[in-house]
Amino acid sequence: MLIKSVLNSLTVYYLSLFKMPKGVAKEIIKLQRNFLWSSDSAGKASSLVKWKIVQRPKNEGGLGVGDLLLKNAALLFKWWWRYTCEEGSMWRKVIQSLYEEDNVLLPGRAIPTVPGPWKAIKLNRDDKPPSKAFFGNLSIKLGNGRKVKFWQDAWLLSKPLKAEFPRLFRMSSQQNEFIANMGWYEGTTWRWTLAWTRELPIADQQQLKRLLDMLQHHYPTRQSNDSIQWCNKSKFSIKDLTAKASKLIPNGALVDSLVSTVWKNIAPPKVEFMVWLALLGKLNTRDMLERKKVISPDMNTCSFCNNNPETLDHVLLSCPFSWTIWINIAGNLGLRLVIHQNFRMFYEWWMGRRYPNTLRKKFHILAFFATAWSLWSTRNMVVFHNHIYDHSTLCHTIQWRIALWSKVWKEEIPYSTEDLVRHFSSLPILFP
């Protein structure tokens, strides 16, 4: 969406270097909300949908705007990843010199006392979702063992060995030793040499036996270097980290799966957005405005028939005028309509039908979006501009929209826009 591209271009550099204060994030989110809901920058936006839902990914029913604080944390964690991958880079050498970082795969989690960007990068608390998601999906691929610490790094289990064997760690004389220095090769066989500050008690010897059993099939190799992996891949993804972290946030806004199906890239984004709002029940109908106490109850009448309250389901579906439009468009497509209780059920029925080929299916789906959009647009023209509507003109407008919008698909359509409109009732024959 335009929101995402505009704001990213303005803030990505700042986000990637410093930990964003909540106050700054709040102001940027305010700009996003005002932009989305078309409010004056100095005024208060009338939000139709909770911001937590707007932030959710599209495949989870949201708009994919994302959480700025999560995105900020993910960008900061990318520097942790780059610290590993860019070993010979000048910036890493500077960090190692200024902050006394060891020559290891990943920098330590301790927050440095020296101020600067590196301290800001490390200010991600371990109990927060981004940190849990990052380190929970990070794994070490053992190579020669020269940069992996035996006790400190999570190279054998999902957690460091010092956390799995705390008593053995306390008695080890190699607490900060690299794996490469924890043994040697005898021919082609690796021999572990674990050293202790004192003789191990019997109970701890049992733990040692368990550790040695685990180490039996894990040892360094001479041919490869140590490396890290993100979700068992060699490349780190900010998008994946943000998605995984968002799932760890408690009390997240949940949206049913039906709402996420509107993003088909078949109709223009603004049209899919309108249907998204309709499926959430968030269009500003007169019934909605009455419930918000914006208008009085006597003003809550359908803009088309003037006989019933203007609910979303009525104005988009069950109003005699609207239903006649649906019957006309569906009839031209060879569909026999079935009366449904509400707009959501009608949408689910329409989208769930089977079609003989991809183009035919896309035309049928586009017809739904075009009809819903045209009904709502006509309603707004009536309310705000005293527009006079009629059945045949609106049906012709819908046909033109379907023909024009289909021209941006990647599939090549062997008919001109005029031909599609002129022979609209023949679409089932043109695309059998």
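The values are calculated or read from the model by the stated rules, or taken from the named source; none is laboratory data. The model shown is predicted, which means the values in this text are computed figures rather than measured ones. Cβ atoms come from the backbone with ideal geometry, glycine included; neighbour counts cover every protein chain shown.
Some points to look at:
- Test: residue in the stretch 213-227 that is under 29 Å from residue 250 (Cα atoms) and within 38 Å of the chain's Cα centre (by Cα): no
- Of all the numbered requirements in (1) touching a Ser or Thr at 6+ places or on another chain (Cβ under 7 Å); (2) modelled with pLDDT of 95 or more, residue 389 misses one, and that requirement is (2).
- Residue count for the stretch 54-97 satisfying the condition of being more than 30 Å from residue 256 (Cα to Cα) and not basic (Lys, Arg): 18.
- Which listed residue, of 209, 244, is in contact (Cβ under 8 Å) with a residue 60 or more places away in the chain, of a type in the set (D, E, K, R) and either surrounded by 13 or more Cβ atoms within 10 Å (Cβ to Cβ) or over 21 Å from residue 140 (Cβ atoms) (or both): 244
- Matching residues, the stretch 206-264, being among the polar types (S, T, N, Q) and closer than 22 Å to residue 131 by Cβ: 227, 229, 232, 234, 237, 242, 246, 251
- Of the residues making up the stretch 146-154, one or more are of a type in the set (Val, Ile, Thr), more than 22 Å from residue 238 (Cβ to Cβ) and surrounded by 17 or more Cβ atoms within 10 Å (Cβ to Cβ).
- For residue 124, the conditions (1) closer than 30 Å to residue 22 by Cα; (2) assigned to a helix (DSSP H, G or I) all hold with the exception of (2).
- Residue within the stretch 273-284 that is under 13 Å from residue 372 (Cβ atoms) and in a loop (DSSP other than H, G, I, E, B) present: yes
- Odd one out for residue 303, checked against (1) of a type in the set (Ser, Thr, Tyr); (2) surrounded by 17 or more Cβ atoms within 10 Å (Cβ to Cβ); (3) in a helix (DSSP H, G or I): (3)
- Restricting the stretch 261-300 to residues that are surrounded by fewer than 20 Cβ atoms within 10 Å (Cβ to Cβ) and small (Gly, Ala, Ser) leaves a set whose member that is farthest from the chain's Cα centre (by Cα) is 296.
- Test: residue 112 is in a loop (DSSP other than H, G, I, E, B), buried (at least 19 other Cβ atoms within 10 Å of the Cβ) and free of Cβ contacts under 8 Å to residues at least 40 places away in the same chain: no
- Screening residue 324 against (1) hydroxyl-bearing (Ser, Thr, Tyr); (2) part of a loop (DSSP other than H, G, I, E, B); (3) at pLDDT 95 or above leaves a single unmet condition, (2).
- Of all residues in the stretch 171-188, those satisfying the criterion of being touching a strand residue (DSSP E or B) at 6+ places or on another chain (Cβ under 7 Å) and surrounded by fewer than 16 Cβ atoms within 10 Å (Cβ to Cβ) are 173, 176, 184.
- With respect to the stated conditions, residue 227 fails to be touching a strand residue (DSSP E or B) at 6+ places or on another chain (Cβ under 8 Å), at pLDDT 95 or above and of a type outside the set (Lys, Arg).
- Filter pass, residue 191 being outside the structural domain of residue 69 (by TED's automatic domain parsing), at pLDDT 90 or above, out of contact with any strand residue (DSSP E or B) (no Cβ under 9 Å at 6 or more places or on another chain) and not in a loop (DSSP other than H, G, I, E, B): no
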